[in-house]
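Engineer: Just dropping this structure here.
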Amino acid sequence: MSAKATLMNLTSGRLLARSAVWNMVGQLLPAAIAVFAIPVLVHGIGVERFGLLSLAWVVVGYFSLFDLGIGRALTKLVADKLGLSDHNAIPALAGTSLLLLLLLGVMGGLIAAAMTPWLVHSALKVPLSLRREALPMFYMLAAAIPLITVTSGMRGILEALQHFRILTLIRLPISVLSFMGPVLVLPFSHSLVPMVAVLVAGRLMGMTIHLVACLNAMPTLRRASFDWKVVPPVISFGGWMTLSNLVSPLMVYMDRFLIGSLLSVAAIAYYTAPLDMITRLLLIPTALTGVLFPALTVTLAQKSERANLLASRAEKYIYLAVFPLVLTIVTLAPDALRLWLGDAFARNGAVALRWLAVGVFINCLAQVPYVLIQSAGRPDISTKIQIGELPFYLAGLWFLTRHFGVDGAAIAWSSRAMVDGALMFSFANRLVPRARKGMLKLTAATMLGIALFAAMAAPMFFATKCLVLVLLLITLAFIGWAFVLDSGEQLFIRNGRKAIASAMPFFLRIEAWKN
């Protein structure tokens with residue numbers, strides 16, 4: 001297949017749309033399961049145990065940081081090879097990268113195991129009654145780190161191949177198990193040890209299934225081998241990603257550990273619940289940019305103008321999808337928390353939820369320039385931004401958390417997200433020039449959005465809030481349809497609605513037959 005044919009194949013609108021939908025389903029369904037599982041767990045094991053379990057979710061869900069950027073580098077490098085039709089180079093690239101990931105995962109697991117006594121006895125304010133559970137829990141999590149790093153590499157290969165349907169079918173049961181596993185343990189035990197054992201077993205199963213999927217998607221990987229010549233390009237791209245993967249989790253997750261150190265384990269729960277609730281919105285841009293990354297890599301490598309089109313449309317879709325949801329959450333924050341988790345969480349987490357919502361909104365928009373920078377082969381830019389932000393963020397986080405509790409931590413988190421987003425857009429615009437007019441429109445829309453968030457956070461009667469919110473959402477829907485979407489996009493939506501409508505009689509007949 002020629003390079004031009006590969007470009008059209010890997011960046012076609014139908015493929016990207018289909019892949020984005022699969023990616024979205026794979027991330028939103030587990031989020032819906034989490035909405036059900038979290039209240040059950042909070043009431044079943046208590047606030048303090050739930051605080052520790054939330055840290056376990058952080059480890060099994062996001063501690064691919066120990067892959068030192070090789071997983072992300074593998075996606076880019078495999079996409080580069082596919083774009084150049086150099087398929088013979090992929091087995092050595094994959095085999096070398098996966099072996100490096102295994103070694104790094106083992107090293108990360110040993111470091112985590114060595115730190116476990118310090119975390120349990122000193123760093124975190126773990127109650128004496130829970131330390132006998134916390135120690136084996138953290139040791140099991142340390143053992144899971146090699147599984148997580150190797151899986152990230154195999155996932156990178158499948159992403160480069162645009163096999164997001166397969167990835168979704170794998171992710172769904174594993175992600176659901178992460179939340180429902182502890183719930184299923186509840187009738188037999190309230191201890192954290194069997195709950196975390198279920199999480200680790202799920203990651204082992206996930207790694208095995210990813211391996212089978214990679215071999216089926218690209219049989220030539222059965223000839224995977226180690227090649228020293230592959231190490232330099234992997235390390236070259238992954239080097240800056242290494243620093244990013246070390247710095248970024250400090251900014252993303254340090255708030256929880258600092259709250260546990262300065263306040264209490266219970267405070268972690270009051271902060272984590274609204275944070276987990278609002279950060280689920282990041283699944284929308286993540287689903288889209290995960291698909292865009294290999295596509296943008298191919299287009300930028302071939303110097304195609306299609307990269308600008310893909311990026312600008314992605315920003316537009318993310319704004320239209322995320323803004324109404326954030327506006328709703330900001331408006332109904334205390335009411336939603338009270339309904340979901342009770343009065344205590346509404347009192348202690350509503351203000352934090354509103355601040356976090358604003359930060360997540362900006363963070364969602366910043367995902368596109370972040371992926372553009374990486375796709376252009378310049379991960380050093382985003383990493384330098386993060387390194388420059390880190391000391392200011394940690395200082396602000398410590399000060400605000402110490403003086404204002406979980407609300408202060410939320411203010412620090414959102415302030416960093418705003419600064420980070422502004423810098424990402426600025427550098428991406430220089431690296432991959434886009435129309436200045438489009439940039440100004442996005443900036444104006446973002447400022448208007450923040451102003452609306454502030455207005456809707458003002459004290460109002462519940463009925464008044466709901467009425468104003470509905471009127472705003474209707475107005476925004478009209479503006480988006482009439483002035484933001486072009487005729488082709490409107491036609492695509494109409495056809496989608498017709499397809500759903502035509503399918504309804506079929507499903508109704510099935511339901512009638514069942515009954």
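The values are calculated or read from the model by the stated rules, or taken from the named source; none is laboratory data. It should be emphasised that the depicted structure is a prediction, and the values quoted were computed from it without experimental measurement. Positions of Cβ are generated from backbone atoms using ideal geometry, with glycine treated the same way; all protein chains shown enter the neighbour counts.
Engineer: Which one is modelled with the lowest pLDDT, of the residues in segment 419-440 that are surrounded by fewer than 16 Cβ atoms within 10 Å (Cβ to Cβ) and of a type in the set (Lys, Arg)?
Structural biologist: Checked segment 419-440; the qualifying residue modelled with the lowest pLDDT is Arg436.
Engineer: Quick one: in segment 392-434, of everything that is part of a helix (DSSP H, G or I) and of a type in the set (Lys, Arg), which residue is nearest to the chain's Cα centre (by Cα)? Show your work before the answer.
Structural biologist: So in segment 392-434, the residues part of a helix (DSSP H, G or I) come out as 392-431.
Narrowing the set further to residues that are of a type in the set (Lys, Arg) leaves 402, 416, 430.
Values: Arg402: 28, Arg416: 17, Arg430: 26 Å.
Here the residue is Arg416.
Engineer: Can you find a residue that is modelled with pLDDT under 85 and not acidic (Asp, Glu) anywhere in segment 318-339? Step through it out loud before you land on a result.
Structural biologist: We begin by selecting, within segment 318-339, every residue modelled with pLDDT under 85; these are none.
Taking every residue of segment 318-339 in turn, none turns out to be modelled with pLDDT under 85 and not acidic (Asp, Glu).
Engineer: Another question, if that's okay. All but one of (1) in contact with a Ser or Thr (Cβ under 9 Å, 6 or more places away or on another chain); (2) crowded, with 21+ Cβ neighbours inside 10 Å; (3) assigned to a helix (DSSP H, G or I) hold for Arg165; which doesn't?
Structural biologist: Looking at each condition in turn, Arg165 falls short on (2).
Engineer: For segment 148-184, which residues satisfy the criterion of being modelled with pLDDT under 85 and among the polar types (S, T, N, Q)?
Structural biologist: The answer is Gln162, Thr168, Ser175, Ser178.
Engineer: Any chance you could count how many residues in segment 117-140 are under 21 Å from Ala266 (Cβ atoms) and either assigned to a helix (DSSP H, G or I) or hydroxyl-bearing (Ser, Thr, Tyr) (or both)? I'd like the intermediate steps shown before the answer.
Structural biologist: Taking segment 117-140 and keeping what is under 21 Å from Ala266 (Cβ atoms), we get 119-135, 137-138.
So of that shortlist, the ones also either assigned to a helix (DSSP H, G or I) or hydroxyl-bearing (Ser, Thr, Tyr) (or both) come out as 119-123, 128-135, 137-138.
The qualifying residues number 15.
Engineer: Ok, one more. May I ask you to say which residue of Leu400, Leu341, Leu365 is touching a Gly at 6+ places or on another chain (Cβ under 7 Å), in the same structural domain as Leu282 (by TED's automatic domain parsing) and under 16 Å from Ile268 (Cα atoms)?
Structural biologist: Working: Leu341 fails: touching a Gly at 6+ places or on another chain (Cβ under 7 Å); Leu365 fails: under 16 Å from Ile268 (Cα atoms).
Just a single option satisfies the conditions, and that option is Leu400.
Engineer: Right, Leu372: in contact (Cβ under 8 Å) with a residue 40 or more places away in the chain, closer than 16 Å to Asn429 by Cα and either part of a helix (DSSP H, G or I) or in contact with a helix residue (DSSP H, G or I) (Cβ under 7 Å, 6 or more places away or on another chain) (or both) or not? Quick ask: steps written out before the conclusion?
Structural biologist: Working: in contact (Cβ under 8 Å) with a residue 40 or more places away in the chain: yes; closer than 16 Å to Asn429 by Cα: yes; either part of a helix (DSSP H, G or I) or in contact with a helix residue (DSSP H, G or I) (Cβ under 7 Å, 6 or more places away or on another chain) (or both): yes.
Yes: the conditions hold for Leu372.
Engineer: Does segment 194-231 hold any residues that are among the aromatic types (Phe, Trp, Tyr) and in a loop (DSSP other than H, G, I, E, B), and which are they?
Structural biologist: If we filter segment 194-231 for residues that are among the aromatic types (Phe, Trp, Tyr), which is where we start, we get 226, 228.
Correct list: Phe226 only.
Quick grid of which residues meet (1) over 23 Å from the mean Cα position of the chain (by Cα); (2) free of Cβ contacts under 8 Å to residues at least 40 places away in the same chain; (3) within 20 Å of Gly69 (Cβ to Cβ):
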| site | (1), (2), (3) |
| --- | --- |
| Pro194 | yes, yes, no |
| Ala217 | yes, no, no |
| Leu221 | yes, no, no |
| Val231 | yes, no, yes |
| Leu243 | no, no, yes |
| Leu258 | no, no, no |
| Ser264 | yes, no, no |
| Thr279 | no, no, no |
| Leu288 | no, no, no |
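Engineer: What is the number of the single condition among (1) among the hydrophobic types (A, V, I, L, M, F, W, C); (2) touching a residue at least 12 places away in the same chain (Cβ under 8 Å); (3) in a helix (DSSP H, G or I) that Ala114 does not meet?
Structural biologist: With respect to (1) among the hydrophobic types (A, V, I, L, M, F, W, C); (2) touching a residue at least 12 places away in the same chain (Cβ under 8 Å); (3) in a helix (DSSP H, G or I), Ala114 is out only on (2).
Engineer: Any idea which residue in segment 117-150 is surrounded by the most Cβ atoms within 10 Å (Cβ to Cβ), counting only those that are of a type in the set (Val, Ile, Thr) and farther than 16 Å from Leu53 by Cβ? So that I can check it myself, show each step before the final result.
Structural biologist: Here is the first cut: in segment 117-150, the ones of a type in the set (Val, Ile, Thr) are 120, 126, 145, 148-150.
If we keep only those that are farther than 16 Å from Leu53 by Cβ as well, we get 145, 148-150.
Working: Ile145: 27, Ile148: 27, Thr149: 29, Val150: 25.
Result: Thr149.
Engineer: Now for a separate question. Among what's in segment 82-98 and is surrounded by fewer than 16 Cβ atoms within 10 Å (Cβ to Cβ) and in a helix (DSSP H, G or I), pick the residue that is nearest to the chain's Cα centre (by Cα).
Structural biologist: Step one: filter segment 82-98 for residues surrounded by fewer than 16 Cβ atoms within 10 Å (Cβ to Cβ), giving 84-88.
Next cut, in a helix (DSSP H, G or I) only: 87-88.
Working: His87: 30, Asn88: 32 Å.
Of everything passing the filter in segment 82-98, His87 is nearest to the chain's Cα centre (by Cα).
Engineer: Something else now. If you scan segment 227-252, which residues turn out to be within 25 Å of Ala89 (Cβ to Cβ) and at pLDDT 70 or above?
Structural biologist: Result: Asp227, Trp228, Lys229, Val230, Val231, Pro232, Pro233, Val234, Ile235.
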